[in-house]
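See structure below.
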Amino acid sequence: MKVDELPISDRVKEAIIQSGISELYPPQEEAISAGVLEGNNMVLASPTASGKTLIAELCALKHVLEHGGKVIYLTPLRALASEKFQELKKYSAILKPNGRRVQTGISTGDFDSSDPWLEKFDIIVCTNEKADSLLRHRSKWVDEVSLVVTDEVHLLNDSERGPTLEVVLARLMQTNPEIQILALSATIRNVEEVADWLKAQYTTSEWRPVKLNEGVLLDQEIRFKDGASIQIGKNIRNPTLNLAIHIVRSGNQALIFASTRKNAASLAKKVAGELDKLLSKPIKRSLSQLAKRVQAAGERTRVSELLAELVRQGAAFHHAGLSSAHRKLLEDAFREGKIKILTATPTLAFGVNLPARMVIIHDYRRYEVGYGYYPIPVLEYKQMAGRAGRPRYDKVGEAILVAKTDDEQDYLIENYVLAKPERIWSKLAVERILRPHVLSTIAAHYASSEQGVYDFFGKTFYAYQYDPEAIKIVITRILKFLYDEQMIDSSGKELVATKFGRRVSELYIDPISAVSIRDGLRNRAPTITDFSFLHLIAHTPDIYPKLRPYSSEIDELALFVEQHREEFMVEPPRELYDQLEFEEFLGEAKLAWVIQSWIEEYTEDRMIERFRVQPGDLYRLTDSAKWLLYACHELAVLFKQKSLIPKLTLLMERSAKGVKTELLPLVRLDGVGRARARILFNSGLKTISDLKHAHIGRLTRLPLIGYKVAKKIKEQAGGFVKSEEWKKLDKEEIPEQQSLTKYH
C-alpha cells in the first residue's frame, strides 16, 4: 500500500513522504486493513523497526486533524518519552482546521500537579506513572483525550511497571468508554488475551525490514536457527570478544549484553586494546574528540576517565550508573558508527532505539540476592535479540548467545532461539503494588463505595486472567489498612478519602511511606537534624534506588548508627533479635549518609570512592529524595508541624542542588551549578549583591566562568556593564570548558 493511498489528510501524507516513506511495510498494511484508522482498538505486535510508531503517528494525526481530539502517548521510561517527543515534533508544521499548528508536549515529572498547561497541546507524551498522576489529579483536559497509544505494552508482565500501566488503561476505559486504544509491542505470546481485555482487534507479524538470524556460539562455531553454521577465526581467547572483533573486521558494529555493570565494564576494557588496532586514523581523530566531550560532560570521575579512555579505542560500556549526558553521547556515537563495540546491561534492550549489525548475549543468567543465578526469561532474550540489524543499512542482523559446552549450546538453541516468549501475566494483585491504586480510586472519586472499588478492579487485566475474588480479598485487606490509618472514612455505604488520604494520593507515594513519615514527624527524635529527615525518607518503600550495605561496610555502618542514635525518627532495630532487619536498617542509614554527603558537596568521584555510588544512581537517588522531602514538607503542613517546615524547605533545596546552605543564593542563578557556585563563593563573591557590583573582568578570570556565563550572571544580578566593556570582552573571550575536578 502506498502512503498517498491512505485515508488521511493530504497534509499528513505530504509530511510522511517528505520524511522518506512512500510505501507501507506489511505489518502497517495489516493494521490499516484491520481498521486502526477507523477508530478500532488495536494491539499491534510486530518486531522492532517494523513500523509500529508510524501507525501510532497516523492514528494520532487523524484524531487531531479530523476529530479535534487529543492524544496521550504512553511510554514506560523517561528516555523513551524524550525519544518519542522528538520524533513527533516533526509534524509541527502541519496546520489544523482552525489554522493552528499541531503541537506536541511532554511531561514526565512533578507528580503533584494536574499540569493544566498541557491543555494547549494536541499530542501529550508522558510516562505511565505521570499519566497515573494526572488521572489522580483529575486533570480536566484528559476528558478531551480520544486516543491513547501505549508503547511496550508487554511490560504489563513487569512486576514493578506493569500494574501502573494496567490501572491507567483500565481507568481511561472507565472514564471514557469511547476512547481508542492502540497498544504496541514487539513480543506478545498471548496477544489475543490482551486484545480481548482491551476490547481490541489484534495483528501479529514476524516480518522485519532486516532479516534476523539467531544462533549460538560455541568456541569458534556459530549454529543458527535454520541449521546452518559458520566458523570464525580466532584472534583472542574470550569467545564473546573474539566474535565482536570478527564483526568489526567485516566493517560492522557489535552490541554486547552483559548481566551486570561490572561485567559490561570489564568486557569493554578487555576488547578495547584489540579493537584499537583495527581503527583508521580518521576514526581515531573523531574518537579522540568524542573522548574529550565525555571528559567535559559534568564532573570528572574515575568512571568518566575510564569511559573516555575506552572511547578513544572505539569501545564503551553503557549502564544506568552513567550520567544521562554520558549515555546520550555514547548512544549518538554508536548510531553514527564511531563506537564499534558497545557493552551494555539488559536495561538498554527496553530503552532507547539502538540497533547493531550483531547483538551478542554474553550472559543468559542473572544473579538475584536470595535466589542465586537463574536463566533470564525468553521475553527478555527476544527483546535483546530484536536490536540486531539496522534498517536501511543491513540486509541481515544476527543475535548470538554464547555457550561453553555442547550441552549448553543445545539447551540455548531449544530454550531461547527456538522458544516462544512467555505469556504475559498481570502482576497487579500484590498488596504492596495495589495499595496506592486502591487509595487513588477512592481519593479521586472514581469509586465511592466498597462495591465500586471492587467493580473497578474487576475490570483490570488481572481480573480478566484470574478469578476476580482473588483480588477482592487483597482489596479488602487494603481497605482495612487505609481505614485504620485514617486515610479513608465511611459514612453509611459511602467511602470517602480523608484530607490525609487525599493528599497522600496526590503526592504519589505509597500509603506505607505516608504512615512512616506521619509517625516520624509526630514522634520526633531527641535531636532533630538534617540526617533525621534523610533517614526518615530512606526508611520508606518509595526511595529509589535502594542501597544495600556491602559486607566490608557492616561494622562501620553499625558504628555510624550508634553515633547518630539520638537523631533517628524511627527506632533502630536490635542486631541480636533480627540480623536481616538490622542489615536493612544499615542500608537505610547508608542511603541517608550518601544524600547527606551530597549536600555537603562531596564530589561525584569521592561518592564513587566512599560509597560505590555511581553518577547515574546518585542522580536518581537525589531526584527520589527531593520528591520524598517534598512529601514530608506537605505532610508537615497538613499536620501543622510548623517548627519542622522551615528545616524541610531548606533541606529540599539543598538536596536538589547538592550544596551547603551558604551556596543557595548563588545556585539559584541560571547557569550556576554547585561547582561554579563554590568557585564564586571562595573568591569572595558570596551574595547576589557581590555579583551585581563585581567588575565583569573579575568574573571572566575565574575558572569555569568565562564570558558567556559571566554575562548571564551579571544580567541576573542586575549589574550594569557598559557596551564598550562587553565588546572588549567579546574579543577576549576566555575558554569556558575546564576540568571540574580540582574545584571541589
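A short reminder: the numbers here are calculations on the coordinates, not readings from a lab. This structure is a prediction, so every number in the text was calculated from the model and none was measured. FYI the Cβ positions are ideal-geometry reconstructions off the backbone, even for glycines, and counts take in every protein chain you see.
Things to note:
- Cut-off 12 Å (backbone N to label point 7 Å along Cα→Cβ of Asn98), residues of the stretch 48-79: 65, 68-70
- Average Cα contact separation per residue, the stretch 1-145, under 8 Å, 6 or more apart, as relative contact order %: 20
- Treating r as the C-beta distance of Trp117 and Gln716 and R0 as 22 Å, the FRET efficiency rounds to 0.35.
- Estimated distance in nm for a label pair at Asp410 and Glu160, the labels positioned 7 Å out from Cα along Cα-to-Cβ: 3.8
- Relative contact order for the stretch 511-658: 30 percent, from Cα pairs under 8 Å spaced at least 6 residues apart, divided by residue count.
- Stretchable slack from Ala419 to Ala325, in nm (0.36 nm times residue separation minus alpha-carbon distance): 30.1 nm
- Protection proxy ranking of 298-304, 490-496, 583-589, 125-131 - average other beta-carbon atoms within 10 Å, highest first: 125-131, 583-589, 298-304, 490-496
- From the coordinates shown, volume of the Cα convex hull per residue in Å³ corresponds to which of (1) 158; (2) 194; (3) 233: (2)
- Computed label-point distance, nm, for sites Glu14 and Lys546 using a 7 Å Cα→Cβ extension: 5.6
- Under a 5 Å amide H cut-off, with hydrogens placed 1.01 Å from N, Val125 pairs with Tyr73, Gly105, Ile106, Ser107 among residues at least 5 apart or on other chains.
- The label-point distance for Glu469 and Phe224, in a model that sets each label 7 Å from Cα toward Cβ, rounds to 5.4 nm.
- Overall form of the stretch 511-658 per C-alpha gyration tensor (a/c, 1.5; a/b vs b/c): oblate
- Unit charges at the beta carbon, dipole of the chain: most positive-side option, Ala497, Gly452, Asn263: Asn263
- Mean Cβ neighbour count within 10 Å, used as a protection proxy, ranking 468-476, 242-250, 53-61 highest first: 53-61, 242-250, 468-476
- Cβ-Cβ distance of Ser280 and Lys692, R₀ of 51 Å, FRET efficiency by 1/(1 + (r/R0)^6): the value works out to about 0.45.
- Contact order relative to length of the chain, as percent, for alpha carbon pairs under 8 angstrom and 6 or more apart: 11
- Here the 3J(HN,Hα) profile of the stretch 594-600, calculated from phi with Karplus coefficients 6.51, -1.76 and 1.60 at θ = phi - 60°, is 4, 5, 4, 5, 4, 6, 8 Hz, Gly and Pro shown as x.
- Additional length obtainable on full extension of the chain from Glu305 to Asp332, 0.36 nm per residue less Cα span: 7.8 nm
- Taking 0.36 nm per residue of separation and subtracting the Cα-Cα distance, full extension of the segment from Glu23 to Glu5 would add 5.5 nm.
- Each helix, a run of at least 4 DSSP H residues, gives -39500 (n - 2.57); summed and divided by the residues of the chain, these come to -14000 deg cm²/dmol at 222 nm.
- DSSP-defined antiparallel bridges as percent of all bridges, the chain, nearest 5: 25
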